[in-house]
Protein chains: 2
Amino acid sequence: MFSKSCKYAMRAVLYLALNGNEEKKLGVKEIADELNVPKHFLAKLLQQLSKNQLISSTKGPSGGFYLNDQNKETSLRKVVETIDGPEVFNTCILGLPVCSSENPCPLHFKALEYREGLLEVVEGKKIEELARRIKDENLTI
Amino acid sequence: MFSKSCKYAMRAVLYLALNGNEEKKLGVKEIADELNVPKHFLAKLLQQLSKNQLISSTKGPSGGFYLNDQNKETSLRKVVETIDGPEVFNTCILGLPVCSSENPCPLHFKALEYREGLLEVVEGKKIEELARRIKDENLTI
DNA sequence: GTAATAAAAGACAAAAAGGTCTTTTATTAT
DNA sequence: ATAATAAAAGACCTTTTTGTCTTTTATTAC
Ligand code: FES
Ligand code: FES
C-alpha cells in the first residue's frame, strides 16, 4: 500500500508524539534505533517532513526533532501525502491513466468505497489522539 | 496499492475475458497494443498467470492466450496474489514485521476494516461477471 | 569566540521494479 | 517433413526505491 519511506515516516512521527516534546527533542539516532529503521534514510524523511512543517526541528546541542502544538494537530494523512504524494488516494486501482466516475474502470465504484475506508484509517485521528491511544492501549509502533 | 505488474495482469485477464475465447485465442501483441502496455513485459506476466492456471495458452499458429471455463470462474484476487504475492492483503499498514490483533499497531483495527473493503473490490465478482458488466455498462479497461 | 553538537545537504551504492531484446520450444497448417 | 507461428525462457538494460557515507551549516554551552 504505502511505500517503505512512508511507513518509516508515519512511525517516526508517532514516536515523536509519544517520546518527545518541545523541551525534550529527539535525535535521528534515537528514533532510528528504536524503530529499527536505517538512520540516514530516516534523516532525509524527517527533513522532508520538517520542510513541510509536519514536524519541527532545531540544530545544535540539545537540538533534534519534536512536534509543536500545530504539528500535533495534523493527521497521518498529511504525512502520507508529503512522502508518497497525494495521488496515492485517487489513482485508478487498475492503473488507468485517469480515475473518474465519468470514464470508470470496472472496479471504480467499489474502489471509491474502499478508499473512503483507507482515508479514514489515516485521517480519523490527530497525531495527538493516536499517541494517547497508543499509550492507553499499549500499542506497538 | 498494487504494483504496475499486477495492474497490467488484471487488465490483461479482463481483456481476455472480453475479447477472446477457446476458439479465438489472443496473442501478446494484440493485448499489449490494445492495453498500451509493454509487450515483452506483459508476456512474462501472462506466462506467470498461465503457469499458475489462471489463464490458458497454446503455442504455435493460431495459438495464444485464452480463458477456459475454469479460468473464467476465478477472481481478480487470485491474479493479485499470483503477481504481487498473497501478503499484500495482510501486511501491517505501518510496516511492522507482523500484523496481528495480539500485538496491533495503532492503525490495525481500522486497517482490518479497510482491508475487507479492498478484498471485496478484487474478490466480489468472478472474471466472467466482471466481463459482462464491462460490456453492459461500457466500462474501460 | 570556540568547541561540541545535531540537523541539512549532497554524493554514492545496492536492491528492486520495470522494461527490452534474443533464443528456444512447441504447435499446426501446408 | 517443412516452414511458419506464437508462447516460453532467459540474458540484459533502465529507472526507481531504498540505503550509506561524508561534508556543510546552524545552534548552544562554555
Ligand atoms: S477508474 Fe479505476 S478506480 Fe477509478
Ligand atoms: S498491526 Fe499494523 S495493520 Fe495490523
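Among the trypsin sites (Lys or Arg not before Pro) within the range A:9-39, which fall in a DSSP loop and have no more than 14 other Cβ atoms within 10 Å of their own Cβ? All intermediate terms of the calculation are to be shown ahead of the outcome.
Values: sites: A:11, A:24, A:25, A:29, A:39; in loops: A:24, A:25.
Here the sparse-neighbourhood loop sites are A:24.
If we hang a label 7 Å off Cα along the beta carbon direction at residue B:68, how far is it from the matching labels on the other copies, in nm, shortest first?
Distances to the matching label points in the other copies: 6.7 nm.
Could you check the spin-label model distance between residue B:109 and residue A:4? Points 7 Å from the Cα along Cα→Cβ, value in nm.
Output for this residue pair reads 3.2 nm.
Quick one, can you get me the convex hull of the C-alpha atoms of the protein assembly as shown expressed as volume per residue in Å³?
136
Can you pull out the cysteines in chain A that have no other Cys Cβ under 4.7 Å?
A:6, A:105
Could you work out how far helix B:108-123 tilts from the main Cα principal axis of chain B, as a 0 to 90 degree angle to the nearest 10?
10
Hey, what did the range B:42-119 get for relative contact order, percent, Cα under 8 Å, at least 6 apart?
About 19 percent, as a whole number.
Normalising by the residue count of the range A:4-136, find the relative contact order in percent from Cα pairs under 8 Å and 6+ residues apart.
28
For residue B:81, what charge total do you get from the other residues with a beta carbon under 11 Å from its beta carbon, if Lys and Arg give +1 and Asp and Glu give -1? Don't skip to the answer; put the middle values down first.
Values: positive: B:77, B:78; negative: B:84, B:87, B:123.
Net local charge, residue B:81 excluded: -1.
Can you sort A:40, A:108 from fewest to most other Cβ atoms within 10 Å of each residue's own Cβ?
Sorted ascending by nearby Cβ count, the order is A:40, A:108.
Pairs to check: A:39/A:135; A:44/B:4; A:39/A:72; A:135/B:110; A:110/B:125; A:25/A:72. Give those whose C-alpha atoms are more than 21 Å from each other in this structure.
Working: A:39/A:135 25 Å; A:44/B:4 26 Å; A:39/A:72 23 Å; A:135/B:110 17 Å; A:110/B:125 11 Å; A:25/A:72 14 Å.
Over 21 Å apart, Cα to Cα: A:39/A:135; A:44/B:4; A:39/A:72.
When you look at the Cβ of every residue in A:118-131, what mean number of other chain Cβ atoms sits within 10 Å?
On the way: counts 9, 1, 3, 10, 5, 0, 2, 3, 0, 0, 0, 1, 2, 1.
Partner-chain Cβ atoms within 10 Å, mean over residues of A:118-131: 3.
Which whole number gives the average count of other chain Cβ atoms within 10 Å of the Cβ atoms across peptide B:61-71?
Numbers: counts 0, 0, 0, 0, 0, 0, 0, 0, 0, 0, 0.
Average per residue, whole number: 0.
So what is the 222 nm mean residue ellipticity for the protein assembly as shown from helices alone, if each DSSP H run of at least 4 adds -39500 (n - 2.57) and you divide by all residues, rounding to the nearest 500 deg cm²/dmol?
-17000 deg cm²/dmol
Taking the alpha-carbon set of the range B:72-141, what are its Rg and Dmax in Å?
Spelled out, the Cα radius of gyration and Dmax of the range B:72-141 are 15.1, 46 Å.
Run through the range B:31-129 and list the GluC sites (Glu not before Pro) located in a DSSP loop whose Cβ has at most 16 other Cβ atoms within 10 Å.
Passing sites in the range B:31-129 are B:102.
With a Förster radius of 51 Å, plug the Cβ-Cβ distance of residue A:62 and residue B:41 into 1/(1 + (r/R0)^6) and report the FRET value to the nearest 0.05. Intermediate results must be reported in sequence, preceding the final value.
Working: r = 53 Å, r/R0 = 1.03.
Once the sixth-power term is evaluated, E becomes 0.45.
For the Cα atoms of chain B, what angle does the longest principal axis make with the long axis of helix B:39-51, in degrees from 0 to 90, nearest 10?
80
Peptide A:94-101: average number of partner chain Cβ atoms within 10 Å per residue?
Counting other chains' Cβ atoms within 10 Å and averaging over A:94-101 gives 4.
Would you mind computing, in nm to one decimal, how far apart the modelled labels at residue A:30 and residue A:51 are, each placed 7 Å from Cα along Cα→Cβ?
2.5
Which residue is it, in chain B, whose C-beta lies closest to the B-to-A rotation axis, and what is that distance in whole Å?
B:117, 2
List, largest first, the extents of the alpha carbons of the range B:4-136 along their principal axes, each in whole Å.
For the range B:4-136, the Cα extents along the three principal axes come out at 56, 31, 24 Å.
Across the range B:1-49, what fraction of all alpha-carbon pairs, as a whole percent, falls in each successive 10 Å bin from zero upward?
Spelled out per bin, shortest first, that is 26, 61, 12, 1.
Throughout, read-outs are computed from the coordinates displayed, never taken from laboratory work. These numbers were taken from a predicted model, which means no experiment stands behind them. Cβ sites come from the backbone with ideal geometry, for glycine too, and all protein chains shown count toward neighbours.
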